[in-house]
Amino acid sequence: MAGFSGITAGYLILSDRPCLVETGTSTSAPVVRDALHDLGVGPDDLATVVVTHIHLDHAGGVGDIARFFPSAEVVVHEKGARHLADPTRLMASARMVWGDRLDTLFGELSPTEASRIRALGDTGAIDLGNGRTLSSHYSPGHAKHHVGLIDSGTGDLYVGDAAGVYLPQTGDLRPATPPPDFDLDTALNSIALFQDLGPERLLFSHYGPVKEVQDTLDRSAEELRIWVDLTRQAKSEGMDLDHAIAMVRDRTRERYTALSADDETAEQFELLSGAPSNVAGILHWLDRVSP
């Protein structure tokens, strides 16, 4: 994505019914297709494509992957399903946010035939074959169409963005609190739900597996509270968005090794979990709960 490798993950579950968790962007869809082919998954072998939510860095490639693998069912939370079938509104909204950068960051989400989409409620299950399931759990703190997914065979929990963004190069963890759906209580409840599921590993979409489950989820909650407390302070002092962003960025800088590493690592970290998006999302929530 955006010229970086190792920035957004798709995970292939090589079960009796192969399943792809996350597609990445549409621009990376050919990379994903070729990687699956190299792992022995041909056009008619992939049974399921499931996304944790419909943001373009996770689901932007759904339409392309669905075309490359015509036998695969596409699974998504019910609040995101219509946008995969008709991405017009989603793409128009993304274009307003990103402008011309949209094409290089994410590309264009292509529509998927509605007949191939299965919409999940608050819980659901994906058949991985031979009695193995991928269970879906609604976790909407990051986005109202977000789910976490746990594999009954391995205990792996696919956390999407609900536990934040993890950078394996430095071990940094930073919240992801974009507008318009962020809600602190819901986000903390989602993390508590993940803890209750008792996973063996956390599989971050950004980026990679983490074995230190309890410590990482505790840190996810701590990061959320710190960013919210600082943004609330900025709001109480009457700061506009730009000054709030500058203050929160400055006050959290020392928490993240990536920001003092090389320029490319810092740029990658900021792209995945930028202070402008995070602070804007928290302010949007604060305006709703305490206008």
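Some notes on this structure:
- Taking the stretch 54-122 and the helices (runs of 4 or more DSSP H) fully enclosed by it, the elements with 3 or more residues that are hydrophobic (A, V, I, L, M, F, W, C) and open to solvent by less than 30 Å² (accessible area, probe 1.4 Å) are at 62-68.
- Residue count, the stretch 166-179 (criterion: under 15 Å from the mean Cα position of the chain (by Cα) and either small (Gly, Ala, Ser) or open to solvent by 10 Å² or more (accessible area, probe 1.4 Å) (or both)): 4
- Test: residue in the stretch 115-134 that is within 27 Å of residue 273 (Cα to Cα) and in contact with a Lys or Arg (Cβ under 8 Å, 6 or more places away or on another chain): no
- Screening 132, 116 for residues that are among the basic types (Lys, Arg), closer than 20 Å to residue 13 by Cα and in contact with a strand residue (DSSP E or B) (Cβ under 6 Å, 6 or more places away or on another chain) leaves exactly one candidate, 116.
- Filtered residue count, the stretch 133-144, keeping only those that are surrounded by fewer than 23 Cβ atoms within 10 Å (Cβ to Cβ) and in contact with a helix residue (DSSP H, G or I) (Cβ under 7 Å, 6 or more places away or on another chain): 3
- Top-ranked residue in the stretch 43-60 [being among the small types (Gly, Ala, Ser) and at pLDDT below 95; ranked as nearest to residue 151 (Cα to Cα)]: 59
- Residue within the stretch 10-26 that is outside any loop (DSSP other than H, G, I, E, B), open to solvent by 30 Å² or more (accessible area, probe 1.4 Å) and either at pLDDT 95 or above or not aliphatic (A, V, I, L, M) (or both) present: yes
- Restricting attention to the stretch 190-222, the residues being open to solvent by 20 Å² or more (accessible area, probe 1.4 Å), outside any helix (DSSP H, G or I) and modelled with pLDDT of 95 or more number 7.
- Residue among 187, 163 that alone is buried (at least 23 other Cβ atoms within 10 Å of the Cβ), out of contact with any Cys (no Cβ under 7 Å at 6 or more places or on another chain) and in a helix (DSSP H, G or I): 187
- Filter result (more than 23 Å from the chain's Cα centre (by Cα), open to solvent by 80 Å² or more (accessible area, probe 1.4 Å) and under 18 Å from residue 169 (Cβ atoms)) within the stretch 223-261: 254, 260
The values are calculated or read from the model by the stated rules, or taken from the named source; none is laboratory data. Fair warning: this is a prediction, and the values are worked out from it, not measured in the lab. Note: ideal-geometry Cβ built from the backbone for every residue, glycine included; neighbour counts use all protein chains shown. When the accessible area is computed, the model is the full protein with side chains, heavy atoms only, and any ligands, DNA or RNA have been set aside. Shrake-Rupley method; radii C 1.70, N 1.55, O 1.52, S 1.80 Å.
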